[in-house]
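Student: For reference, the structure I am asking about is given below.
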Amino acid sequence: MASTAPAAPTVSLNGAKPREPGGSGSRPPHSVSPPLPPGPRAPAIAQTVAWALAPTWLLDQCAKRIGRTFTLTFAPSGLKLVMVSDPEDVRTVFTAPAEIAPSATGTSPVAPIMGPNSVLTLTGEAHMRQRKLLLPPFHGERMREYEDVIVQATRRDMESWPIGEPMRLQEHTRRITLEVILRAVFGVEAERMEELRSAIAGLMTPLHPLAVLLFSLRRPSLDRPTGALGRSLDRLDAVVYAELERRRSQEDLAERTDILSLLMQARDEAGRPMTDPELRDELVTLLLAGHETTSASVAWVVERLVRHPEKLRRLIEEVDAAADGGGDEYMTAVVNETLRVRPVVPVVARMLRQDMQVGPHLLPAGTRVMPNIYLTNRNPRAYEDPAEFRPERFLDEPPQTFSWIPFGGGIRRCIGASFAVVEMKLILRTALGELEPVVPEGARMWRRGEWVRRRAITLVPAAGTRVVWHRRSRTAG
(Lines give C-alpha, C1' and ligand atoms only; values in the text may rest on other atoms or scores of the structure.)
Protein backbone atom coordinates (compact mmCIF):
# COMPACT_ATOMS: atom_id res chain seq x y z
CA MET A 1 0.00 0.00 0.00
CA ALA A 2 1.48 3.35 -0.98
CA SER A 3 1.82 6.02 1.64
CA THR A 4 -0.77 8.79 1.64
CA ALA A 5 1.71 11.18 3.19
CA PRO A 6 2.10 14.46 1.32
CA ALA A 7 5.31 15.10 -0.53
CA ALA A 8 7.65 17.77 0.71
CA PRO A 9 6.19 21.10 -0.42
CA THR A 10 7.71 23.06 -3.25
CA VAL A 11 9.53 25.98 -1.70
CA SER A 12 10.17 29.45 -2.99
CA LEU A 13 13.42 31.05 -1.94
CA ASN A 14 11.67 34.40 -1.64
CA GLY A 15 12.36 35.64 1.85
CA ALA A 16 15.17 33.12 2.29
CA LYS A 17 17.91 35.08 0.58
CA PRO A 18 21.08 35.90 2.47
CA ARG A 19 21.75 39.45 3.46
CA GLU A 20 24.26 40.99 1.11
CA PRO A 21 27.18 42.83 2.69
CA GLY A 22 26.56 46.55 2.57
CA GLY A 23 23.09 46.07 1.08
CA SER A 24 19.85 47.40 2.46
CA GLY A 25 19.28 44.21 4.42
CA SER A 26 22.73 43.91 5.97
CA ARG A 27 23.50 44.63 9.60
CA PRO A 28 25.54 47.73 10.30
CA PRO A 29 29.03 47.23 11.75
CA HIS A 30 29.21 46.45 15.48
CA SER A 31 25.46 45.69 15.63
CA VAL A 32 24.16 42.85 17.79
CA SER A 33 23.78 39.51 16.01
CA PRO A 34 20.27 38.06 15.86
CA PRO A 35 19.69 35.39 18.50
CA LEU A 36 19.99 31.71 17.64
CA PRO A 37 16.94 29.44 17.86
CA PRO A 38 16.20 28.10 21.37
CA GLY A 39 17.82 24.93 22.66
CA PRO A 40 17.55 22.48 25.57
CA ARG A 41 17.67 23.89 29.09
CA ALA A 42 20.12 21.18 30.11
CA PRO A 43 23.72 22.36 30.64
CA ALA A 44 26.17 22.02 27.77
CA ILE A 45 27.94 19.08 29.43
CA ALA A 46 24.66 17.12 29.55
CA GLN A 47 23.92 17.90 25.91
CA THR A 48 27.41 16.73 24.95
CA VAL A 49 27.06 13.43 26.81
CA ALA A 50 23.63 12.81 25.29
CA TRP A 51 24.91 13.61 21.79
CA ALA A 52 27.78 11.14 22.22
CA LEU A 53 25.86 8.29 23.86
CA ALA A 54 22.17 8.71 22.89
CA PRO A 55 22.04 10.97 19.83
CA THR A 56 18.66 9.97 18.44
CA TRP A 57 17.02 10.18 21.87
CA LEU A 58 18.38 13.71 22.24
CA LEU A 59 17.17 14.72 18.79
CA ASP A 60 13.70 13.21 19.33
CA GLN A 61 13.34 14.98 22.68
CA CYS A 62 14.41 18.34 21.25
CA ALA A 63 12.07 18.03 18.27
CA LYS A 64 9.19 17.11 20.57
CA ARG A 65 9.77 19.81 23.20
CA ILE A 66 11.29 22.66 21.18
CA GLY A 67 10.38 22.17 17.53
CA ARG A 68 11.98 21.24 14.25
CA THR A 69 14.67 23.94 14.59
CA PHE A 70 16.81 24.19 17.73
CA THR A 71 20.33 24.90 18.94
CA LEU A 72 22.60 22.41 20.72
CA THR A 73 25.52 23.65 22.81
CA PHE A 74 28.61 21.53 23.48
CA ALA A 75 31.13 21.54 26.31
CA PRO A 76 33.83 22.56 26.94
CA SER A 77 34.15 24.80 23.87
CA GLY A 78 30.66 26.31 23.91
CA LEU A 79 30.25 25.30 20.24
CA LYS A 80 26.68 25.84 19.03
CA LEU A 81 25.01 23.86 16.24
CA VAL A 82 21.65 24.92 14.80
CA MET A 83 19.64 21.86 13.74
CA VAL A 84 17.06 22.27 10.96
CA SER A 85 14.73 19.55 9.70
CA ASP A 86 11.77 21.17 7.99
CA PRO A 87 11.99 20.26 4.27
CA GLU A 88 11.62 23.93 3.30
CA ASP A 89 14.51 24.91 5.56
CA VAL A 90 16.64 22.02 4.32
CA ARG A 91 16.03 23.19 0.76
CA THR A 92 17.05 26.73 1.68
CA VAL A 93 20.35 25.55 3.14
CA PHE A 94 21.17 23.00 0.42
CA THR A 95 20.44 25.42 -2.44
CA ALA A 96 22.27 28.39 -0.94
CA PRO A 97 25.31 29.46 -3.01
CA ALA A 98 28.51 27.70 -1.95
CA GLU A 99 30.22 31.00 -1.20
CA ILE A 100 27.47 31.86 1.30
CA ALA A 101 26.88 28.49 3.01
CA PRO A 102 29.94 26.29 2.40
CA SER A 103 30.49 22.93 4.05
CA ALA A 104 31.80 23.07 7.60
CA THR A 105 33.39 19.62 7.41
CA GLY A 106 36.79 21.21 6.87
CA THR A 107 36.67 22.55 10.42
CA SER A 108 35.24 19.38 11.98
CA PRO A 109 37.06 16.59 13.86
CA VAL A 110 37.11 14.37 10.74
CA ALA A 111 39.17 16.90 8.75
CA PRO A 112 42.62 15.90 10.14
CA ILE A 113 41.88 12.26 9.29
CA MET A 114 40.40 12.69 5.81
CA GLY A 115 42.94 15.38 4.92
CA PRO A 116 42.78 18.90 3.45
CA ASN A 117 42.34 17.62 -0.14
CA SER A 118 39.34 15.38 0.53
CA VAL A 119 36.13 16.09 -1.36
CA LEU A 120 34.49 16.15 2.08
CA THR A 121 36.67 18.93 3.47
CA LEU A 122 37.24 21.12 0.41
CA THR A 123 34.95 24.02 -0.49
CA GLY A 124 34.37 26.26 -3.48
CA GLU A 125 36.19 25.69 -6.77
CA ALA A 126 38.63 23.21 -5.24
CA HIS A 127 35.71 21.04 -4.12
CA MET A 128 34.09 21.14 -7.56
CA ARG A 129 37.39 20.18 -9.23
CA GLN A 130 37.80 17.12 -7.02
CA ARG A 131 34.16 16.19 -7.37
CA LYS A 132 34.35 16.22 -11.18
CA LEU A 133 37.46 14.03 -11.07
CA LEU A 134 35.79 11.53 -8.71
CA LEU A 135 32.38 11.24 -10.36
CA PRO A 136 33.09 9.14 -13.50
CA PRO A 137 34.12 5.88 -11.74
CA PHE A 138 30.89 5.87 -9.71
CA HIS A 139 28.36 6.04 -12.52
CA GLY A 140 27.00 4.07 -15.46
CA GLU A 141 28.84 1.12 -16.90
CA ARG A 142 31.75 1.48 -14.47
CA MET A 143 29.57 0.44 -11.52
CA ARG A 144 28.42 -2.73 -13.26
CA GLU A 145 32.02 -3.90 -13.31
CA TYR A 146 31.98 -4.09 -9.50
CA GLU A 147 28.81 -6.19 -9.16
CA ASP A 148 30.63 -9.52 -9.35
CA VAL A 149 33.12 -8.27 -6.75
CA ILE A 150 30.24 -7.52 -4.34
CA VAL A 151 28.51 -10.88 -4.86
CA GLN A 152 31.74 -12.85 -4.53
CA ALA A 153 32.76 -11.02 -1.35
CA THR A 154 29.33 -11.71 0.15
CA ARG A 155 29.39 -15.41 -0.68
CA ARG A 156 32.91 -15.81 0.70
CA ASP A 157 31.91 -14.28 4.00
CA MET A 158 28.66 -16.28 4.17
CA GLU A 159 30.75 -19.44 4.38
CA SER A 160 31.75 -18.37 7.91
CA TRP A 161 28.21 -17.61 9.13
CA PRO A 162 27.18 -19.94 11.99
CA ILE A 163 23.91 -21.27 10.59
CA GLY A 164 21.29 -21.78 13.31
CA GLU A 165 23.25 -19.83 15.94
CA PRO A 166 23.11 -16.17 16.98
CA MET A 167 25.60 -13.86 15.29
CA ARG A 168 26.30 -10.13 15.05
CA LEU A 169 25.66 -9.40 11.41
CA GLN A 170 27.40 -6.04 11.24
CA GLU A 171 30.77 -7.61 12.01
CA HIS A 172 30.30 -9.58 8.79
CA THR A 173 28.84 -6.79 6.66
CA ARG A 174 31.82 -4.65 7.66
CA ARG A 175 34.19 -7.33 6.40
CA ILE A 176 32.22 -7.63 3.16
CA THR A 177 32.11 -3.92 2.40
CA LEU A 178 35.77 -3.47 3.30
CA GLU A 179 36.78 -6.24 0.90
CA VAL A 180 34.57 -4.70 -1.77
CA ILE A 181 36.11 -1.26 -1.43
CA LEU A 182 39.63 -2.66 -1.34
CA ARG A 183 39.07 -4.68 -4.50
CA ALA A 184 36.85 -2.26 -6.41
CA VAL A 185 38.51 0.99 -5.39
CA PHE A 186 42.11 -0.14 -4.95
CA GLY A 187 42.10 -3.23 -7.11
CA VAL A 188 44.64 -4.74 -4.74
CA GLU A 189 45.64 -8.35 -4.95
CA ALA A 190 45.25 -10.78 -2.07
CA GLU A 191 48.81 -10.42 -0.79
CA ARG A 192 48.29 -6.75 0.12
CA MET A 193 44.67 -7.04 1.19
CA GLU A 194 45.51 -7.98 4.78
CA GLU A 195 47.99 -5.12 5.16
CA LEU A 196 45.38 -2.55 4.14
CA ARG A 197 42.63 -4.23 6.16
CA SER A 198 44.80 -4.22 9.28
CA ALA A 199 45.71 -0.55 8.87
CA ILE A 200 42.04 0.45 8.54
CA ALA A 201 41.01 -1.68 11.52
CA GLY A 202 43.51 0.21 13.64
CA LEU A 203 41.68 3.43 12.84
CA MET A 204 38.18 2.10 13.50
CA THR A 205 38.77 0.01 16.64
CA PRO A 206 39.41 2.86 19.13
CA LEU A 207 36.14 4.60 18.22
CA HIS A 208 33.81 2.83 20.68
CA PRO A 209 31.18 4.81 22.66
CA LEU A 210 33.46 5.71 25.59
CA ALA A 211 36.14 6.95 23.20
CA VAL A 212 33.51 8.98 21.34
CA LEU A 213 32.38 10.54 24.62
CA LEU A 214 35.92 11.42 25.69
CA PHE A 215 36.63 12.79 22.23
CA SER A 216 33.44 14.87 22.34
CA LEU A 217 34.44 16.42 25.67
CA ARG A 218 37.76 17.66 24.26
CA ARG A 219 38.14 21.04 22.66
CA PRO A 220 37.88 20.79 18.88
CA SER A 221 41.24 20.56 17.16
CA LEU A 222 42.34 20.49 13.54
CA ASP A 223 45.72 19.04 14.46
CA ARG A 224 46.66 15.59 13.18
CA PRO A 225 45.67 12.95 15.77
CA THR A 226 48.29 11.63 18.16
CA GLY A 227 48.50 8.48 20.28
CA ALA A 228 47.02 5.21 19.02
CA LEU A 229 44.79 6.94 16.48
CA GLY A 230 47.71 8.91 15.08
CA ARG A 231 49.89 5.81 14.81
CA SER A 232 47.11 3.97 12.96
CA LEU A 233 46.72 6.89 10.59
CA ASP A 234 50.49 6.95 9.96
CA ARG A 235 50.38 3.25 9.17
CA LEU A 236 47.49 3.66 6.73
CA ASP A 237 49.22 6.59 5.03
CA ALA A 238 52.39 4.54 4.57
CA VAL A 239 50.42 1.71 2.95
CA VAL A 240 48.50 4.09 0.67
CA TYR A 241 51.59 5.97 -0.52
CA ALA A 242 53.41 2.68 -1.15
CA GLU A 243 50.46 1.50 -3.24
CA LEU A 244 50.51 4.76 -5.24
CA GLU A 245 54.21 4.34 -5.99
CA ARG A 246 53.78 0.69 -6.96
CA ARG A 247 50.74 1.40 -9.14
CA ARG A 248 52.43 4.24 -11.01
CA SER A 249 55.23 1.88 -12.08
CA GLN A 250 52.87 -0.71 -13.56
CA GLU A 251 52.81 -0.97 -17.32
CA ASP A 252 49.12 -1.89 -17.47
CA LEU A 253 47.88 1.22 -15.62
CA ALA A 254 45.97 2.49 -18.67
CA GLU A 255 44.10 -0.81 -19.01
CA ARG A 256 43.09 -1.17 -15.35
CA THR A 257 39.49 -0.40 -14.35
CA ASP A 258 39.75 -0.11 -10.56
CA ILE A 259 38.88 3.32 -9.19
CA LEU A 260 42.41 4.13 -8.04
CA SER A 261 43.83 3.56 -11.51
CA LEU A 262 41.06 5.65 -13.05
CA LEU A 263 41.73 8.49 -10.62
CA MET A 264 45.45 8.37 -11.35
CA GLN A 265 44.67 8.81 -15.05
CA ALA A 266 42.00 11.50 -14.56
CA ARG A 267 42.70 15.08 -15.62
CA ASP A 268 40.88 18.27 -14.74
CA GLU A 269 39.80 20.93 -17.24
CA ALA A 270 43.31 22.36 -17.25
CA GLY A 271 44.82 18.96 -17.98
CA ARG A 272 46.27 18.52 -14.48
CA PRO A 273 46.28 15.14 -12.69
CA MET A 274 45.70 14.65 -8.98
CA THR A 275 48.81 14.94 -6.84
CA ASP A 276 49.78 12.13 -4.48
CA PRO A 277 48.51 14.06 -1.41
CA GLU A 278 45.20 14.61 -3.21
CA LEU A 279 44.96 10.93 -4.12
CA ARG A 280 45.85 9.95 -0.56
CA ASP A 281 43.07 12.09 0.91
CA GLU A 282 40.43 10.85 -1.51
CA LEU A 283 41.43 7.21 -1.01
CA VAL A 284 41.35 7.48 2.79
CA THR A 285 37.95 9.18 2.51
CA LEU A 286 36.61 6.37 0.33
CA LEU A 287 38.02 3.72 2.65
CA LEU A 288 36.72 5.12 5.91
CA ALA A 289 33.45 6.70 4.81
CA GLY A 290 32.50 4.21 2.11
CA HIS A 291 32.69 0.80 3.73
CA GLU A 292 31.60 1.73 7.27
CA THR A 293 28.41 3.52 6.25
CA THR A 294 27.27 0.84 3.81
CA SER A 295 27.96 -1.99 6.25
CA ALA A 296 25.82 -0.28 8.88
CA SER A 297 23.01 0.35 6.38
CA VAL A 298 22.86 -3.33 5.37
CA ALA A 299 22.80 -4.30 9.04
CA TRP A 300 19.92 -1.88 9.66
CA VAL A 301 17.93 -3.36 6.75
CA VAL A 302 18.11 -6.83 8.27
CA GLU A 303 17.46 -5.46 11.78
CA ARG A 304 14.22 -3.90 10.49
CA LEU A 305 13.13 -6.87 8.38
CA VAL A 306 13.39 -9.53 11.10
CA ARG A 307 10.96 -7.46 13.19
CA HIS A 308 8.51 -7.24 10.29
CA PRO A 309 8.25 -10.86 9.07
CA GLU A 310 5.55 -10.09 6.49
CA LYS A 311 7.84 -7.56 4.81
CA LEU A 312 10.77 -9.97 4.95
CA ARG A 313 8.62 -12.66 3.32
CA ARG A 314 7.55 -10.27 0.56
CA LEU A 315 11.16 -9.31 -0.13
CA ILE A 316 12.29 -12.95 -0.24
CA GLU A 317 9.52 -13.72 -2.75
CA GLU A 318 10.76 -10.87 -4.92
CA VAL A 319 14.37 -12.08 -4.64
CA ASP A 320 13.26 -15.52 -5.85
CA ALA A 321 11.31 -13.98 -8.72
CA ALA A 322 14.28 -11.78 -9.67
CA ALA A 323 16.34 -14.93 -10.25
CA ASP A 324 13.89 -15.69 -13.08
CA GLY A 325 14.02 -12.18 -14.51
CA GLY A 326 11.70 -10.32 -12.13
CA GLY A 327 12.18 -6.77 -10.93
CA ASP A 328 13.45 -5.31 -7.66
CA GLU A 329 10.83 -2.66 -6.88
CA TYR A 330 10.24 -3.88 -3.34
CA MET A 331 13.98 -4.22 -2.67
CA THR A 332 14.40 -0.60 -3.72
CA ALA A 333 11.54 0.44 -1.43
CA VAL A 334 13.02 -1.52 1.51
CA VAL A 335 16.43 0.08 1.03
CA ASN A 336 14.95 3.58 0.69
CA GLU A 337 12.76 3.13 3.75
CA THR A 338 15.63 1.81 5.87
CA LEU A 339 17.83 4.73 4.85
CA ARG A 340 14.94 7.01 5.83
CA VAL A 341 14.08 5.58 9.23
CA ARG A 342 17.61 4.49 10.21
CA PRO A 343 20.06 6.89 8.52
CA VAL A 344 23.66 6.09 9.34
CA VAL A 345 24.96 9.68 9.36
CA PRO A 346 22.76 12.00 11.47
CA VAL A 347 23.75 15.47 10.20
CA VAL A 348 25.58 17.47 7.57
CA ALA A 349 27.12 20.85 8.29
CA ARG A 350 27.23 24.27 6.66
CA MET A 351 28.98 27.41 7.92
CA LEU A 352 27.17 30.66 7.13
CA ARG A 353 29.37 33.44 5.83
CA GLN A 354 26.49 35.91 5.77
CA ASP A 355 23.26 36.35 7.69
CA MET A 356 20.61 34.12 6.16
CA GLN A 357 16.89 33.69 6.69
CA VAL A 358 16.09 30.02 7.29
CA GLY A 359 12.39 29.57 7.89
CA PRO A 360 11.30 31.93 10.69
CA HIS A 361 14.86 32.39 11.95
CA LEU A 362 17.44 34.92 10.82
CA LEU A 363 20.71 33.07 11.40
CA PRO A 364 23.81 35.27 11.77
CA ALA A 365 27.03 34.90 9.83
CA GLY A 366 29.31 32.39 11.55
CA THR A 367 26.46 30.03 12.45
CA ARG A 368 27.01 26.31 11.96
CA VAL A 369 23.67 25.23 10.54
CA MET A 370 23.05 21.49 10.35
CA PRO A 371 20.43 19.95 8.06
CA ASN A 372 19.50 17.10 10.39
CA ILE A 373 19.22 13.91 8.34
CA TYR A 374 17.62 11.87 11.13
CA LEU A 375 14.85 14.38 11.90
CA THR A 376 14.28 15.45 8.29
CA ASN A 377 13.70 11.84 7.27
CA ARG A 378 11.11 11.55 10.05
CA ASN A 379 9.37 14.88 9.53
CA PRO A 380 5.60 14.42 10.00
CA ARG A 381 4.93 17.05 7.31
CA ALA A 382 6.38 14.66 4.76
CA TYR A 383 5.54 11.21 6.16
CA GLU A 384 2.51 9.60 7.71
CA ASP A 385 3.53 7.72 10.89
CA PRO A 386 7.16 8.74 10.28
CA ALA A 387 8.71 6.42 12.89
CA GLU A 388 7.09 3.32 11.34
CA PHE A 389 8.98 1.03 8.95
CA ARG A 390 6.78 1.00 5.83
CA PRO A 391 8.62 0.26 2.57
CA GLU A 392 5.27 0.40 0.79
CA ARG A 393 5.27 4.19 1.06
CA PHE A 394 7.94 4.29 -1.66
CA LEU A 395 6.34 1.87 -4.13
CA ASP A 396 4.21 4.41 -5.98
CA GLU A 397 6.43 7.46 -5.69
CA PRO A 398 10.16 7.91 -5.13
CA PRO A 399 11.61 9.76 -2.16
CA GLN A 400 11.33 13.54 -2.34
CA THR A 401 14.56 15.49 -2.69
CA PHE A 402 14.44 17.57 0.48
CA SER A 403 12.53 15.25 2.83
CA TRP A 404 14.74 12.16 2.17
CA ILE A 405 18.39 13.09 2.61
CA PRO A 406 20.41 10.07 3.81
CA PHE A 407 23.17 11.06 1.37
CA GLY A 408 22.99 14.79 2.04
CA GLY A 409 21.97 17.13 -0.75
CA GLY A 410 22.79 19.90 -3.14
CA ILE A 411 26.18 20.06 -4.82
CA ARG A 412 27.68 18.08 -1.94
CA ARG A 413 25.42 15.03 -2.17
CA CYS A 414 27.46 11.87 -1.54
CA ILE A 415 29.34 10.85 -4.68
CA GLY A 416 29.13 7.17 -3.74
CA ALA A 417 25.35 7.14 -3.16
CA SER A 418 24.53 5.05 -6.24
CA PHE A 419 27.39 2.66 -5.53
CA ALA A 420 26.20 2.23 -1.93
CA VAL A 421 22.62 1.43 -2.97
CA VAL A 422 23.77 -1.12 -5.56
CA GLU A 423 26.06 -2.71 -2.98
CA MET A 424 23.29 -2.91 -0.39
CA LYS A 425 20.92 -4.57 -2.84
CA LEU A 426 23.46 -7.14 -4.02
CA ILE A 427 24.52 -8.12 -0.50
CA LEU A 428 20.89 -8.53 0.56
CA ARG A 429 19.89 -10.40 -2.61
CA THR A 430 22.83 -12.79 -2.26
CA ALA A 431 22.15 -13.53 1.42
CA LEU A 432 18.36 -13.81 1.16
CA GLY A 433 18.62 -16.01 -1.91
CA GLU A 434 19.98 -18.79 0.33
CA LEU A 435 19.20 -17.90 3.95
CA GLU A 436 16.45 -16.40 6.08
CA PRO A 437 17.13 -14.38 9.27
CA VAL A 438 15.12 -14.38 12.50
CA VAL A 439 15.44 -12.67 15.89
CA PRO A 440 17.32 -14.96 18.35
CA GLU A 441 15.28 -16.80 20.96
CA GLY A 442 15.22 -15.01 24.29
CA ALA A 443 16.32 -11.64 22.85
CA ARG A 444 13.59 -9.85 24.76
CA MET A 445 15.38 -6.54 25.12
CA TRP A 446 15.80 -6.36 21.33
CA ARG A 447 12.35 -7.70 20.44
CA ARG A 448 11.04 -4.33 19.22
CA GLY A 449 14.31 -3.25 17.73
CA GLU A 450 17.92 -2.57 18.58
CA TRP A 451 18.83 0.78 20.06
CA VAL A 452 20.89 3.25 18.09
CA ARG A 453 24.54 3.41 19.14
CA ARG A 454 27.19 5.80 17.89
CA ARG A 455 30.29 4.35 16.27
CA ALA A 456 32.58 7.25 15.36
CA ILE A 457 30.38 9.49 13.21
CA THR A 458 27.91 6.73 12.27
CA LEU A 459 24.74 5.44 13.95
CA VAL A 460 24.72 1.64 14.13
CA PRO A 461 22.56 -1.11 15.72
CA ALA A 462 23.50 -1.36 19.40
CA ALA A 463 23.84 -5.16 19.29
CA GLY A 464 25.35 -5.21 15.81
CA THR A 465 22.12 -6.67 14.35
CA ARG A 466 22.01 -9.87 16.36
CA VAL A 467 20.20 -12.52 14.27
CA VAL A 468 20.02 -16.23 13.56
CA TRP A 469 20.23 -17.40 9.95
CA HIS A 470 18.46 -20.54 8.73
CA ARG A 471 18.84 -22.21 5.37
CA ARG A 472 15.78 -21.71 3.27
CA SER A 473 13.82 -24.78 2.25
CA ARG A 474 14.02 -23.59 -1.36
CA THR A 475 17.80 -24.08 -1.31
CA ALA A 476 18.17 -26.77 1.35
CA GLY A 477 19.99 -29.92 0.44
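The values are calculated or read from the model by the stated rules, or taken from the named source; none is laboratory data. These numbers come from a predicted model, not from an experiment. Here Cβ is always computed from backbone atoms with ideal geometry, including for glycine, and neighbour counts include all displayed protein chains.
Student: Residues in the stretch 18-30: is at least one at pLDDT below 95, within 30 Å of Val452 (Cα to Cα) and either assigned to a loop (DSSP other than H, G, I, E, B) or small (Gly, Ala, Ser) (or both)?
Tutor: no
Student: Would you mind finding the one in Arg307, Arg280, Arg314, Arg353 that is within 30 Å of Pro364 (Cα to Cα) and not β-branched (Val, Ile, Thr)?
Tutor: Answer to the check: Arg353.
Student: What helices (runs of 4 or more DSSP H) lie completely within the stretch 32-130 and have 3 or more residues being surrounded by fewer than 18 Cβ atoms within 10 Å (Cβ to Cβ), modelled with pLDDT of 95 or more and among the charged types (D, E, K, R)?
Tutor: 55-65
Student: Still on this structure, please answer the following. Considering only residues that are free of Cβ contacts under 8 Å to residues at least 60 places away in the same chain and out of contact with any Lys or Arg (no Cβ under 6 Å at 6 or more places or on another chain), which ones fall in the stretch 335-357?
Tutor: Glu337, Val341
Student: Under 9 Å between Cβ atoms, which residue pairs at least 6 apart in sequence (or on different chains) link something in the stretch 307-330 that is touching a residue at least 40 places away in the same chain (Cβ under 8 Å) with a partner that is among the polar types (S, T, N, Q)?
Tutor: If the second residue must be among the polar types (S, T, N, Q), no pairs are left.
Student: Please give the number of the condition Tyr146 fails out of (1) touching a Pro at 6+ places or on another chain (Cβ under 9 Å); (2) hydroxyl-bearing (Ser, Thr, Tyr); (3) at pLDDT below 95.
Tutor: The single condition Tyr146 does not satisfy is (1).
Student: For Arg413, are the conditions met, namely being closer than 29 Å to Met370 by Cβ, among the charged types (D, E, K, R) and out of contact with any Phe, Trp or Tyr (no Cβ under 6 Å at 6 or more places or on another chain)?
Tutor: Taking the combined requirement at face value, the residue does not satisfy it.
Student: Would you call Phe419 buried (at least 17 other Cβ atoms within 10 Å of the Cβ), over 15 Å from Thr338 (Cα atoms), aromatic (Phe, Trp, Tyr) and under 16 Å from the mean Cα position of the chain (by Cα)? Spell out the reasoning first.
Tutor: On the way: buried (at least 17 other Cβ atoms within 10 Å of the Cβ): yes; over 15 Å from Thr338 (Cα atoms): yes; aromatic (Phe, Trp, Tyr): yes; under 16 Å from the mean Cα position of the chain (by Cα): yes.
Here the answer is yes, as Phe419 does meet what is asked.
Student: Scan Leu283, Leu253, Leu263, Leu244 and give me the residue that is at pLDDT below 95 and under 19 Å from Arg224 (Cβ atoms).
Tutor: Only one candidate qualifies: Leu283.
Student: Has the stretch 264-274 got at least one residue that is of a type in the set (Asp, Glu) and within 22 Å of His127 (Cα to Cα)?
Tutor: Looking only at the stretch 264-274, we keep the residues that are of a type in the set (Asp, Glu), and these are 268-269.
Narrowing the set further to residues that are within 22 Å of His127 (Cα to Cα) leaves 268-269.
Checked the stretch 264-274: at least one residue is of a type in the set (Asp, Glu) and within 22 Å of His127 (Cα to Cα).
Student: A follow-up question, please. Looking at (1) under 23 Å from the mean Cα position of the chain (by Cα); (2) farther than 27 Å from Ile181 by Cβ; (3) buried (at least 18 other Cβ atoms within 10 Å of the Cβ), find the lone condition where Glu388 falls short.
Tutor: So the condition that Glu388 fails would be (3).
Student: Here is a further query. Just the residues that are in contact (Cβ under 8 Å) with a residue 12 or more places away in the chain and in a helix (DSSP H, G or I), please, taken from the stretch 131-147.
Tutor: Going through the stretch 131-147, the residues in contact (Cβ under 8 Å) with a residue 12 or more places away in the chain turn out to be 131-139, 142-143, 145-147.
The answer is Arg131, Lys132, Leu133, Leu134, Pro136, Pro137, Phe138, Arg142, Met143, Glu147.
Student: Name every residue in the stretch 271-291 that is in contact with a helix residue (DSSP H, G or I) (Cβ under 9 Å, 6 or more places away or on another chain) and of a type in the set (Gly, Ala, Ser), in order of residue number.
Tutor: Ala289, Gly290
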